[in-house]
Amino acid sequence: MVSNFKNIEKDLKQLANKEKALILQRFFKTGPGEYGEGDIFLGIQVPESRKIAVKYKAAPLTDITRLLISKIHEYRLVGFLILVSKYENAKTELERREIFDFYLENSHAANNWDLVDLSAPKVIGHFLFNYYKKNKERPLDLLKKLAASENLWEKRIAIISTFYFIYQGKTKETFLIAKILLNDKHDLIHKAVGWMLREVGKRVSREELIIFLNTHLKNMPRTTLRYAIEHLPEKQRKAYLDCRF
(Lines give C-alpha, C1' and ligand atoms only; values in the text may rest on other atoms or scores of the structure.)
Protein backbone atom coordinates (compact mmCIF):
# COMPACT_ATOMS: atom_id res chain seq x y z
CA MET A 1 0.00 0.00 0.00
CA VAL A 2 1.34 3.42 -0.98
CA SER A 3 2.44 5.69 1.88
CA ASN A 4 0.53 8.94 2.43
CA PHE A 5 2.68 10.14 5.31
CA LYS A 6 4.37 13.03 3.51
CA ASN A 7 1.02 14.33 2.25
CA ILE A 8 -0.52 14.07 5.73
CA GLU A 9 2.47 15.91 7.17
CA LYS A 10 2.22 18.62 4.49
CA ASP A 11 -1.51 19.16 5.17
CA LEU A 12 -0.93 19.39 8.90
CA LYS A 13 1.89 21.89 8.60
CA GLN A 14 -0.21 24.08 6.30
CA LEU A 15 -2.84 24.35 9.05
CA ALA A 16 -0.35 25.25 11.78
CA ASN A 17 -1.21 28.34 13.84
CA LYS A 18 1.40 29.59 16.32
CA GLU A 19 -1.05 31.63 18.40
CA LYS A 20 -3.45 28.70 18.78
CA ALA A 21 -0.51 26.41 19.51
CA LEU A 22 0.43 28.51 22.55
CA ILE A 23 -3.16 28.40 23.80
CA LEU A 24 -3.38 24.63 23.34
CA GLN A 25 -0.05 24.03 25.06
CA ARG A 26 -1.34 25.86 28.13
CA PHE A 27 -4.74 24.16 27.98
CA PHE A 28 -3.23 20.67 27.74
CA LYS A 29 -0.76 21.33 30.56
CA THR A 30 2.53 20.87 28.71
CA GLY A 31 4.73 22.73 31.21
CA PRO A 32 7.41 21.17 33.44
CA GLY A 33 5.90 18.70 35.89
CA GLU A 34 2.43 18.85 34.28
CA TYR A 35 0.67 15.82 32.83
CA GLY A 36 1.35 16.83 29.21
CA GLU A 37 4.94 17.90 29.79
CA GLY A 38 6.86 18.34 26.55
CA ASP A 39 3.90 17.83 24.22
CA ILE A 40 4.26 19.97 21.10
CA PHE A 41 1.27 21.55 19.36
CA LEU A 42 0.86 22.96 15.88
CA GLY A 43 -2.32 24.82 16.83
CA ILE A 44 -4.83 22.78 14.80
CA GLN A 45 -8.42 22.42 16.00
CA VAL A 46 -10.04 18.97 16.27
CA PRO A 47 -12.51 19.52 13.36
CA GLU A 48 -9.57 20.30 11.08
CA SER A 49 -7.75 17.19 12.26
CA ARG A 50 -10.88 15.14 11.57
CA LYS A 51 -10.98 16.39 7.99
CA ILE A 52 -7.41 15.28 7.43
CA ALA A 53 -8.16 11.89 9.00
CA VAL A 54 -11.12 11.43 6.65
CA LYS A 55 -9.01 12.45 3.66
CA TYR A 56 -6.37 9.84 4.48
CA LYS A 57 -8.58 7.14 6.01
CA ALA A 58 -7.01 4.56 3.68
CA ALA A 59 -3.50 5.25 4.99
CA PRO A 60 -1.66 2.02 5.92
CA LEU A 61 -0.76 1.12 9.49
CA THR A 62 2.87 1.98 8.74
CA ASP A 63 1.80 5.61 8.21
CA ILE A 64 -0.20 5.55 11.43
CA THR A 65 2.85 4.22 13.27
CA ARG A 66 4.88 7.19 12.03
CA LEU A 67 2.16 9.56 13.17
CA LEU A 68 1.88 7.97 16.60
CA ILE A 69 5.61 8.14 17.36
CA SER A 70 5.69 11.86 16.60
CA LYS A 71 6.32 14.38 19.37
CA ILE A 72 3.70 16.60 17.75
CA HIS A 73 0.27 16.25 19.34
CA GLU A 74 -1.79 16.73 16.18
CA TYR A 75 0.18 14.04 14.35
CA ARG A 76 -0.78 11.55 17.05
CA LEU A 77 -4.37 12.78 17.10
CA VAL A 78 -4.74 12.31 13.35
CA GLY A 79 -3.11 8.89 13.69
CA PHE A 80 -5.70 7.78 16.23
CA LEU A 81 -8.57 9.32 14.26
CA ILE A 82 -7.49 7.41 11.15
CA LEU A 83 -7.23 4.25 13.25
CA VAL A 84 -10.80 4.75 14.50
CA SER A 85 -11.99 5.21 10.91
CA LYS A 86 -10.20 2.05 9.79
CA TYR A 87 -11.73 0.14 12.68
CA GLU A 88 -15.24 1.38 11.96
CA ASN A 89 -14.90 0.49 8.28
CA ALA A 90 -13.28 -2.91 8.81
CA LYS A 91 -15.21 -5.72 7.14
CA THR A 92 -14.20 -8.68 9.28
CA GLU A 93 -13.52 -9.56 12.89
CA LEU A 94 -9.93 -10.40 11.92
CA GLU A 95 -9.39 -6.86 10.61
CA ARG A 96 -10.86 -5.38 13.77
CA ARG A 97 -8.71 -7.65 15.93
CA GLU A 98 -5.60 -6.43 14.07
CA ILE A 99 -6.53 -2.78 14.69
CA PHE A 100 -7.44 -3.49 18.32
CA ASP A 101 -4.08 -5.18 18.90
CA PHE A 102 -2.30 -2.34 17.09
CA TYR A 103 -4.01 0.18 19.37
CA LEU A 104 -2.91 -1.64 22.52
CA GLU A 105 0.64 -1.95 21.21
CA ASN A 106 0.70 1.81 20.64
CA SER A 107 -1.38 2.92 23.64
CA HIS A 108 1.66 4.80 24.96
CA ALA A 109 1.05 7.31 22.15
CA ALA A 110 -2.37 8.20 23.60
CA ASN A 111 -0.64 10.37 26.16
CA ASN A 112 -3.13 13.15 26.62
CA TRP A 113 -6.79 13.07 27.56
CA ASP A 114 -8.23 14.07 24.17
CA LEU A 115 -6.31 11.29 22.41
CA VAL A 116 -7.81 8.73 24.79
CA ASP A 117 -11.32 10.15 24.81
CA LEU A 118 -11.66 10.38 21.03
CA SER A 119 -10.44 6.86 20.35
CA ALA A 120 -10.63 4.39 23.24
CA PRO A 121 -14.42 3.83 23.36
CA LYS A 122 -14.64 3.38 19.60
CA VAL A 123 -11.84 0.83 19.34
CA ILE A 124 -11.09 -0.74 22.72
CA GLY A 125 -14.62 -0.42 24.07
CA HIS A 126 -16.31 -1.66 20.90
CA PHE A 127 -13.99 -4.63 20.46
CA LEU A 128 -14.22 -5.76 24.06
CA PHE A 129 -18.00 -5.55 24.04
CA ASN A 130 -18.60 -7.24 20.70
CA TYR A 131 -15.81 -9.78 20.29
CA TYR A 132 -14.44 -10.78 23.65
CA LYS A 133 -17.91 -11.77 24.80
CA LYS A 134 -18.62 -13.51 21.54
CA ASN A 135 -15.47 -15.59 21.94
CA LYS A 136 -16.15 -16.25 25.61
CA GLU A 137 -13.19 -14.12 26.66
CA ARG A 138 -13.63 -11.74 29.55
CA PRO A 139 -13.52 -8.04 28.64
CA LEU A 140 -13.06 -7.11 32.28
CA ASP A 141 -9.70 -8.87 32.42
CA LEU A 142 -8.09 -6.37 30.07
CA LEU A 143 -9.89 -3.37 31.56
CA LYS A 144 -8.76 -4.37 35.06
CA LYS A 145 -5.19 -4.81 33.83
CA LEU A 146 -5.21 -1.33 32.30
CA ALA A 147 -6.81 0.15 35.42
CA ALA A 148 -4.05 -1.37 37.56
CA SER A 149 -1.32 0.17 35.41
CA GLU A 150 1.12 2.74 36.77
CA ASN A 151 0.55 4.71 33.58
CA LEU A 152 -1.97 7.55 33.86
CA TRP A 153 -3.20 7.17 30.29
CA GLU A 154 -3.71 3.42 30.44
CA LYS A 155 -5.87 3.98 33.52
CA ARG A 156 -7.88 6.60 31.62
CA ILE A 157 -8.23 4.20 28.66
CA ALA A 158 -9.67 1.61 31.07
CA ILE A 159 -12.49 3.81 32.37
CA ILE A 160 -13.23 5.75 29.17
CA SER A 161 -13.46 2.51 27.15
CA THR A 162 -16.49 1.58 29.23
CA PHE A 163 -18.36 4.45 27.56
CA TYR A 164 -19.19 2.01 24.76
CA PHE A 165 -20.69 -0.42 27.29
CA ILE A 166 -22.79 2.42 28.69
CA TYR A 167 -24.09 3.17 25.20
CA GLN A 168 -25.18 -0.46 25.04
CA GLY A 169 -27.04 -0.18 28.33
CA LYS A 170 -24.42 -2.03 30.40
CA THR A 171 -23.15 -0.68 33.71
CA LYS A 172 -21.17 -3.47 35.41
CA GLU A 173 -17.91 -2.67 33.63
CA THR A 174 -18.05 1.03 34.45
CA PHE A 175 -18.83 0.46 38.12
CA LEU A 176 -16.08 -2.14 38.51
CA ILE A 177 -13.36 0.02 36.91
CA ALA A 178 -14.64 3.10 38.74
CA LYS A 179 -14.27 1.26 42.04
CA ILE A 180 -10.69 0.24 41.18
CA LEU A 181 -9.78 3.83 40.31
CA LEU A 182 -11.73 5.53 43.08
CA ASN A 183 -8.64 6.12 45.22
CA ASP A 184 -6.39 7.20 42.38
CA LYS A 185 -4.54 10.42 43.14
CA HIS A 186 -4.67 12.10 39.73
CA ASP A 187 -7.28 14.73 38.95
CA LEU A 188 -7.65 13.49 35.36
CA ILE A 189 -8.74 10.09 36.65
CA HIS A 190 -11.13 11.71 39.14
CA LYS A 191 -12.73 13.59 36.24
CA ALA A 192 -12.89 10.56 33.95
CA VAL A 193 -14.47 8.34 36.60
CA GLY A 194 -16.99 11.02 37.52
CA TRP A 195 -17.84 11.58 33.86
CA MET A 196 -18.53 7.88 33.24
CA LEU A 197 -20.62 7.60 36.39
CA ARG A 198 -22.65 10.60 35.27
CA GLU A 199 -23.22 8.94 31.89
CA VAL A 200 -24.46 5.78 33.60
CA GLY A 201 -27.02 7.86 35.48
CA LYS A 202 -28.06 9.82 32.40
CA ARG A 203 -28.18 7.02 29.85
CA VAL A 204 -28.88 3.79 31.72
CA SER A 205 -29.96 3.89 35.33
CA ARG A 206 -30.06 6.74 37.82
CA GLU A 207 -31.06 4.22 40.48
CA GLU A 208 -27.86 2.19 39.95
CA LEU A 209 -25.78 5.36 40.09
CA ILE A 210 -27.40 6.40 43.37
CA ILE A 211 -26.65 3.00 44.88
CA PHE A 212 -22.99 3.31 43.84
CA LEU A 213 -22.75 6.87 45.18
CA ASN A 214 -24.32 5.93 48.51
CA THR A 215 -21.99 2.94 48.86
CA HIS A 216 -18.76 4.79 48.04
CA LEU A 217 -19.53 8.36 49.05
CA LYS A 218 -17.03 8.49 51.92
CA ASN A 219 -14.14 7.39 49.70
CA MET A 220 -15.04 9.42 46.62
CA PRO A 221 -12.82 12.34 45.59
CA ARG A 222 -14.54 15.71 45.49
CA THR A 223 -14.06 16.09 41.73
CA THR A 224 -15.44 12.63 40.99
CA LEU A 225 -18.57 13.30 43.00
CA ARG A 226 -19.16 16.71 41.42
CA TYR A 227 -18.92 15.25 37.92
CA ALA A 228 -21.08 12.24 38.78
CA ILE A 229 -24.00 14.28 40.17
CA GLU A 230 -24.07 17.09 37.60
CA HIS A 231 -27.29 15.84 36.01
CA LEU A 232 -29.15 15.29 39.28
CA PRO A 233 -31.75 17.76 40.58
CA GLU A 234 -30.23 20.71 42.45
CA LYS A 235 -31.67 19.67 45.81
CA GLN A 236 -30.21 16.18 45.46
CA ARG A 237 -26.81 17.53 44.37
CA LYS A 238 -26.71 19.85 47.37
CA ALA A 239 -27.59 17.00 49.72
CA TYR A 240 -24.69 14.92 48.41
CA LEU A 241 -22.25 17.79 48.65
CA ASP A 242 -23.37 18.75 52.15
CA CYS A 243 -23.09 15.15 53.26
CA ARG A 244 -19.65 14.66 51.77
CA PHE A 245 -18.11 17.99 52.60
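A few points about this structure:
- Degrees between helix 234-244 axis and first principal axis of the chain (Cα, 0 to 90, nearest 10): 80
- Test item: Cα-centred dipole of region 1-81, Lys/Arg +1 and Asp/Glu -1 on Cβ, debye: 220
- Cα long-axis angle, helix 93-105 against the chain (0 to 90 degrees, to the nearest 10): 80
- Restricting the calculation to Cα atoms, region 118-235 shows an Rg/Rh of 0.96 when the hydrodynamic-style radius is the Kirkwood one.
- Dipole check for region 183-245: with +1 at the C-beta of Lys and Arg, -1 at the C-beta of Asp and Glu, and the Cα centre as origin, the magnitude is about 140 Debye.
- LYS122 contributes an accessible area of around 90 Å² to the protein surface, as traced by a 1.4 Å probe with all chains present.
- With N counted as the residues of the chain, its alpha-carbon radius of gyration over 2.2 N^0.38 Å works out to 1.06.
- Reach of LYS218 by Cα under 20 Å, taken over aspartates and glutamates that are not fewer than 8 positions away in the same chain: ASP184, ASP187, GLU207, GLU208, GLU230, ASP242
- Look at the alpha carbon pairs under 8 Å that are at least 6 residues apart: their mean separation over the length of region 114-245 gives a relative contact order of 20 percent.
- Accessible area per residue was computed with a 1.4 Å probe on protein heavy atoms; ILE99 scores about 10 Å².
- Shown for region 64-171 is the translational diffusion coefficient from the Stokes-Einstein equation, using the Kirkwood radius over Cα pairs, a temperature of 4 °C and a viscosity of 1.567 mPa s: 94 µm²/s.
- Ratio Rg/Rh, restricted to region 1-78 and using Cα atoms, in which Rh is the Kirkwood radius: 0.99
- Heavy-atom accessible area ranking, 1.4 Å probe, most first, across ILE180, ILE44: ILE180, ILE44
- Remark: region 186-234 is approximated by an ellipsoid whose semi-axes, taken from the C-alpha gyration tensor as √(5λ), come to 16, 12, 9 Å, largest first.
- When exposed loop sites are taken as GluC sites (Glu not before Pro) in a DSSP loop with at most 15 other Cβ atoms within 10 Å, the longest stretch of the chain clear of them is 38-136.
- Whichever lysines have a C-alpha closer than 18 Å to that of LYS18, once near sequence neighbours (fewer than 8 apart) are set aside: LYS10, LYS29, LYS71
- When a 1.4 Å probe is rolled over the protein heavy atoms, the share of accessible surface on the chain that falls to carbon and sulfur comes to 52 percent.
The values are calculated or read from the model by the stated rules, or taken from the named source; none is laboratory data. All figures in this text were calculated on a predicted structure; none of them were measured in a lab. Please note: Cβ atoms are built from the backbone with ideal geometry, for glycine as well, and neighbour counts cover all protein chains shown. The protein model used for the area step is the full one, side chains on, heavy atoms only, and it has no ligands, DNA or RNA in it. Shrake-Rupley method; radii C 1.70, N 1.55, O 1.52, S 1.80 Å.
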